1. Which of the residues belonging to the range 220-245 are in contact (Cβ under 8 Å) with a residue 60 or more places away in the chain and aliphatic (A, V, I, L, M)?
2. Among residues belonging to the range 301-315 that are touching a residue at least 24 places away in the same chain (Cβ under 8 Å), crowded, with 17+ Cβ neighbours inside 10 Å and over 13 Å from the mean Cα position of the chain (by Cα), point out the one that is nearest to Gly365 (Cα to Cα).
3. Kindly provide the set of residues from the range 80-119 that are assigned to a loop (DSSP other than H, G, I, E, B), aliphatic (A, V, I, L, M) and touching a residue at least 24 places away in the same chain (Cβ under 8 Å), ordered by number.
4. For the range 128-175, enumerate the residues that are under 17 Å from the mean Cα position of the chain (by Cα) and of a type in the set (Gly, Ala, Ser).
5. For the subset of the range 72-123 comprising residues that are farther than 21 Å from Lys151 by Cβ and charged (D, E, K, R), which member is surrounded by the most Cβ atoms within 10 Å (Cβ to Cβ)?
6. If you go through the range 66-79 one residue at a time, do you hit one that is more than 23 Å from the chain's Cα centre (by Cα), within 17 Å of Gln353 (Cβ to Cβ), part of a strand (DSSP E or B) and of a type outside the set (A, V, I, L, M, F, W, C)?
7. From the list Asp226, Asp207, Asp257, Asp295, which one is within 22 Å of His186 (Cα to Cα) and in contact with a Gly (Cβ under 8 Å, 6 or more places away or on another chain)?
Amino acid sequence: MGMLLRHAILMASVVISAALSGVPFAIEARAQTAAARAVPTFEVDPGWPKLPAKFKLGDQSSFAVDARDNVWLLHRPRTLRPEQAAMAAPPVVVFDPAGNFIKAWGGAGAGFEWPGREHGIHIDHKGYVWIGGNSCPTRGQPGVTDDQLLKFTQDGKLVMQIGHANQSKGNADTQNLHRPADAWVHPQSNEVFVADGYGNHRIIVFDADTGVFKRMWGAFGNRPVDDDHCEVEGPTSFALGNGPPSFNIPHAIRVADSDGMVYVADRENRRVQMFLPDGTFVKQLARTDIPFAKDLALSPDREQQFLYVGGGKGIMVVDRKTLDVVGKIEPPGIIGTGHHIATDSKGNIYIAQPSRGIQKLSFEGMSTVSR
């Protein structure tokens, strides 16, 4: 069965299910009454990682995990205090699964425009490293707006740059980004999906090998519209219903391997939206009563049955297909929801929290809980 046909069948089943149940696609999170189910449990690993004494880290922004379960941290050396600047680690720092330091690289170089404010990192299925930033003139490197996405080898050699700094022409621009927050490559289609992000308010998709533009969309699959400003401005109140018609900082993006479903953390609107790969809106999960949709990660099982969503005091466990909240991750000592999070093949979660540091949550197995 072709991918488009599978997506059409999935969309039809969602429509029929919603019609029969009387529940609209856009749903507010609600108390669950279904039977108990097994959910993952975690404990904080207090000894992870082991950074060499010669290095200092700036604000820790994002994590990615490669095929060997090595953990890649992207941090912001420019945020260190002047007296610590000489000890700044390069922006990309790599640890093995046990937290031992492997290598570090990154920063300004010939032939590319390194981000003025490091934000997101992703390792794709071919091992390439994708890096974006969210600098604007008043938040980040003075005079620099990050309108580019960079693709490197794991040794820091540039492979491709999409867009150029200070060149965005808004949400209709298919050549440049505008302060992109996150990126994710879908192996089956070899497309890079970008949460674009802080300046633009859209998802934009490119061919991962050539950088050729493929498509874009906004919240609910709408046409994205311009609303550009450097400062983060979330709603001051949240009404019942679907919420605003546009994204307000699409901050994290994940694409499921098996069916290509796209999940977007619309951070300031406190919701996760789910799309077909072509941008067709399916449903959303909103939690307007708490800070929600800070970041996203997928569980590593074959079906990727869980979507991890930063919210409240920790991370919520969400059924990926229904968007029902089925559990929460708040072990003693957790540093919070995270800014960006990542999972490895063993089920562990890595949290990058600029104001509080970095942390590994060790997977401790499944536990049955009542819902």
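1. Selection gives Leu240 alone.
2. Only one residue tops the list, namely Phe306.
3. Residues of the range 80-119 assigned to a loop (DSSP other than H, G, I, E, B): 80-81, 89-91, 96-99, 106-117.
Going one step further and asking which of them are aliphatic (A, V, I, L, M), we end up with 80, 89, 98, 108, 110.
Selection gives Leu80, Ala89, Ala98.
4. Gly132, Gly133
5. Arg78
6. So in the range 66-79, the residues more than 23 Å from the chain's Cα centre (by Cα) come out as none.
Checked against the condition, which is being more than 23 Å from the chain's Cα centre (by Cα), within 17 Å of Gln353 (Cβ to Cβ), part of a strand (DSSP E or B) and of a type outside the set (A, V, I, L, M, F, W, C), the range 66-79 yields no hits at all.
7. Within the list Asp226, Asp207, Asp257, Asp295, the selection yields Asp295.
Conditions (1) outside any strand (DSSP E or B); (2) closer than 23 Å to Arg117 by Cα; (3) more than 20 Å from the chain's Cα centre (by Cα), marked per residue:
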| site | (1), (2), (3) |
| --- | --- |
| Val185 | no, yes, no |
| Met216 | no, no, no |
| Glu233 | yes, yes, no |
| Ser237 | yes, no, yes |
| Asn248 | yes, yes, no |
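Only the coordinates and a few stated rules stand behind these numbers; no lab work does. Values in this document were obtained by computation on a predicted structure and should not be read as measured data. Cβ sites come from the backbone with ideal geometry, for glycine too, and all protein chains shown count toward neighbours.
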